[in-house]
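Note sheet for the following structure.
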Amino acid sequence: MSKFFTVLKFIYLYIAYWLVGLTEEDFYIKKGDYFADLGLYHSAIKYYQKAIKESEMYFLYALIGWCYLNIENDELALDNYRKAYEKIKKQYVTVPLASLEMKIGNKEHCEEVFKNIREERSELPEESLEHYDKVKAYLDKNNILN
């Protein structure tokens, strides 16, 4: 049933694009979102990248990183989360980035990123808490946290 509603969203998106005058980047972002909803991450990445060409919105790098995580390409996920982190220090960037840095054994960068979320644990969504706790345990185990 949710695929049916996503198809309806695509139809509505094209109507909004043609009739209302949705901007190119908004059109590409929404299209990427809908493909991601369907689990078609390669297509979502393609449209998020098109949106980046239209405007430098750094949150798109986090969305691309998330897509790469879902297709288990940690290297490209890490690259995109790092690009997002240059401008955005919010939990939707810092938690997965710290987790990826931990996964590859980059202790110093993991610690640097983790410092940005250490005081925000109570504000993290439930799906981020497990990653937060794993990164904290990793840093504690390696005597990295002050």
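Here, each number is a calculation from the coordinates, and none is a lab measurement. These figures come from a predicted structure and were not determined experimentally. Backbone-built Cβ (ideal geometry, glycine too); neighbour counts: all protein chains shown.
What is the packing order of peptides 117-130, 60-73, taking the mean over residues of other C-beta atoms within 10 Å and listing the highest first? Show your work: numbers first, answer last.
Values: 117-130: 12.5, 60-73: 20.6.
In descending order of packing, they fall as 60-73, 117-130.
Under the rule a/c < 1.5 gives rounded, and otherwise a/b versus b/c splits prolate from oblate, where does segment 1-57 land using the Cα gyration tensor? Present the calculation step by step, with values, prior to reporting the outcome.
On the way: a/c = 3.31, a/b = 1.17, b/c = 2.83.
Here segment 1-57 falls in the oblate category.
Working out 0.36 nm times the residue gap between SER2 and LYS134, then minus their Cα-Cα distance, what length gain in nm do you get to one decimal? Walk me through the numbers before you get to the answer.
Numbers: separation 132, 0.36 × 132 = 47.52 nm, distance 3.24 nm.
Length difference between fully extended and current span is 44.3 nm.
Using amide H atoms built in the peptide plane, which far-off residues or other-chain residues are under 5 Å from LEU40 H to H?
none
Taking other Cβ within 10 Å of each residue's Cβ, how do ILE29, ILE11 sort, fewest first? If you can, show how the numbers build up before the last one.
Details: ILE29 24, ILE11 9.
Taking fewest neighbouring Cβ atoms as first place, the list is ILE11, ILE29.
Give me the net charge of ASP26's neighbourhood, meaning all other residues with Cβ under 15 Å from the Cβ of ASP26; Lys, Arg count +1, Asp, Glu -1.
On the way: positive: LYS9, LYS30, LYS31, LYS50, LYS53; negative: GLU24, GLU25, ASP33, GLU54, GLU56.
So the surrounding residues net to 0.
For segment 44-110, what class follows from the C-alpha gyration tensor (a ≥ b ≥ c being the square roots of its eigenvalues): rounded when a/c is under 1.5, otherwise prolate if a/b is larger than b/c, else oblate?
Details: a/c = 2.48, a/b = 1.51, b/c = 1.65.
It comes out oblate by the Cα gyration axes.
I'd like the FRET efficiency for GLU56 and LYS89, computed as 1/(1 + (r/R0)^6) with the beta carbon distance as r and R0 of 30 Å, rounded to 0.05. The partial results should precede the final answer.
Details: r = 17 Å, r/R0 = 0.56.
The formula returns an efficiency of 0.95 here.
If you add up the charges near LYS3, with Lys and Arg at +1 and Asp and Glu at -1, over every other residue whose beta carbon is less than 12 angstrom from its beta carbon, what do you get? Spell out each step's value before the answer.
Details: positive: LYS9; negative: ASP37.
Surrounding charge for LYS3 is 0.
Simple spin-label model, 7 Å along Cα-to-Cβ: ILE15 to LEU38 in nm?
Taking the two extended label points, one gets 1.8 nm.
Out of all Cα-Cα pairs in the chain, roughly what percent, to the nearest whole number, are more than 24 Å apart?
Above the 24 Å cut-off, the chain has 39 percent of its Cα pairs.
Which whole-number percent is the relative contact order of the chain (Cα, under 8 Å, 6+ apart)?
Values: 146 pairs, mean separation 19.8, N = 146.
Across the chain, relative contact order equals 14 percent.
Hey, what does the equivalent ellipsoid look like for segment 74-146, semi-axes from the Cα gyration tensor as sqrt of 5 times each eigenvalue, largest first, whole Å?
After diagonalising the Cα gyration tensor, the semi-axes are 16, 15, 11 Å.
Using 0.36 nm times the number of residues separating ARG121 and ILE71, minus their current alpha carbon distance, what extension gain do you get? Don't skip to the end; give the middle numbers.
On the way: separation 50, 0.36 × 50 = 18.00 nm, distance 2.70 nm.
Taking 0.36 nm per residue and subtracting the Cα distance, the gain is 15.3 nm.
For labels at ILE104 and ASN142 in the simple 7 Å Cα→Cβ model, what's the distance in nm?
Using points 7 Å along Cα→Cβ, the separation is 1.3 nm.
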